[in-house]
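The values are calculated or read from the model by the stated rules, or taken from the named source; none is laboratory data. The model shown is predicted, which means the values in this text are computed figures rather than measured ones. Positions of Cβ are backbone-derived with ideal geometry, glycine not excepted, and every protein chain shown enters the neighbour counts. Accessible surface is based on the protein model in full, side chains and every heavy atom, while ligands, DNA and RNA are left aside. Shrake-Rupley method; radii C 1.70, N 1.55, O 1.52, S 1.80 Å.
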Amino acid sequence: MTHLHRFLTIALLLIPSYQAVAQDSIIDRQEWQAIFSQFDAEGTLVVVDEREGSRGTFVFNKERAEKRVSPASTFKIPHALFAIDAGVVLDEFQVIPWDGKKRSYEVWNHDQTLRSSVRNSVVWVYEVFEGEIGEEREREYMEEIHYGNADPTGDSPFWVEGNLQISALEQISFLQQLYRNTLPFSANSQRLVKDVMINEAGKDWILRAKTGWSGTIGWWVGWVEHPTGAVFFALNIDTPNRTDDLFKREAIVREVLQSMKALP
């Protein structure tokens, strides 16, 4: 069968396939309200610090962190894994031909690769993946990795306009498994997806992350790798001013991570 089912058996023998954030270990960080207020933003932020000497699960607005909303383009992370497993795309170099339709973002209007499609959040590439994978198989993949409500129905693309939803806490659990290569996919596939997620790096740290925007909700999720462990984050905010609010996603997270010395 697929790599998914072969590796699922191995993964289940080694560790649980889903690791929820322990609710009794969450530390409320109400002081982060000042950073959200600085950017005139309403939202939530979950940070899980796994570095030696500073471990902890920190949450601003826990009620919202538990609420499921559209993942928007953060879904490109698991979707890339599904596409690789299904044989829709083989590696980061395979060319995905442009369909010739002009779209509002000029960078979308040419052939793509897996790397460029993640970097530039090229929606039509993932609509191609959606068509090749099919609704039933999309649901199976999401159920296997416990991705939100695992619902690929509704308007297309289902991860933006449809019924798929996930919470910030669930995003963290998914990212932790990807970081450890413990999702039910080959280790090589997981390493490839992590490679195309790289945003920037320094001498002793790597930032891997993905933005998302549903039109009303903006996301930034990912982690910063350090020699002593990773710092995971998942933020979502309201975007009443639409594109004018999008810079706030990264700005808020960076302020917080810098205050924790997780980013320079």
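Quick notes
- Here A209 meets the list (1) out of contact with any helix residue (DSSP H, G or I) (no Cβ under 9 Å at 6 or more places or on another chain); (2) of a type in the set (G, A, S); (3) buried (at least 19 other Cβ atoms within 10 Å of the Cβ) almost entirely, failing just condition (1).
- Region 110-204 holds helices (runs of 4 or more DSSP H) entirely within its bounds, and those carrying 1 or more residues that are closer than 30 Å to T228 by Cβ and open to solvent by less than 70 Å² (accessible area, probe 1.4 Å) map to 114-119, 168-179, 187-196.
- Residue match in region 83-97 (condition: open to solvent by less than 50 Å² (accessible area, probe 1.4 Å), of a type in the set (G, A, S) and not in a loop (DSSP other than H, G, I, E, B)): yes
- Any hit, region 157-172, residues being in contact with a strand residue (DSSP E or B) (Cβ under 7 Å, 6 or more places away or on another chain), farther than 15 Å from V69 by Cβ and modelled with pLDDT of 95 or more: no
- Filtered residues of region 241-255 (kept if free of Cβ contacts under 8 Å to residues at least 12 places away in the same chain and either more than 17 Å from R29 (Cβ to Cβ) or acidic (D, E) (or both)): N241, T243, D244, F247
Quick grid of which residues meet (1) part of a helix (DSSP H, G or I); (2) closer than 19 Å to R119 by Cα; (3) aliphatic (A, V, I, L, M):
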| residue | (1), (2), (3) |
| --- | --- |
| L235 | no, yes, yes |
| P240 | no, no, no |
| T243 | yes, yes, no |
| K248 | yes, yes, no |
| I252 | yes, no, yes |
| V256 | yes, no, yes |
| A262 | no, no, yes |
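- Those residues of region 41-72 which are among the acidic types (D, E), open to solvent by 90 Å² or more (accessible area, probe 1.4 Å) and in contact with a helix residue (DSSP H, G or I) (Cβ under 8 Å, 6 or more places away or on another chain), in sequence order: E42
A quick yes/no check of all residues on (1) in contact (Cβ under 8 Å) with a residue 40 or more places away in the chain; (2) touching a Pro at 6+ places or on another chain (Cβ under 9 Å):
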site: N181; (1), (2): no, no
site: L207; (1), (2): yes, no
site: G215; (1), (2): yes, no
site: W219; (1), (2): yes, yes
site: T228; (1), (2): yes, no
site: V231; (1), (2): yes, no
site: A234; (1), (2): yes, no
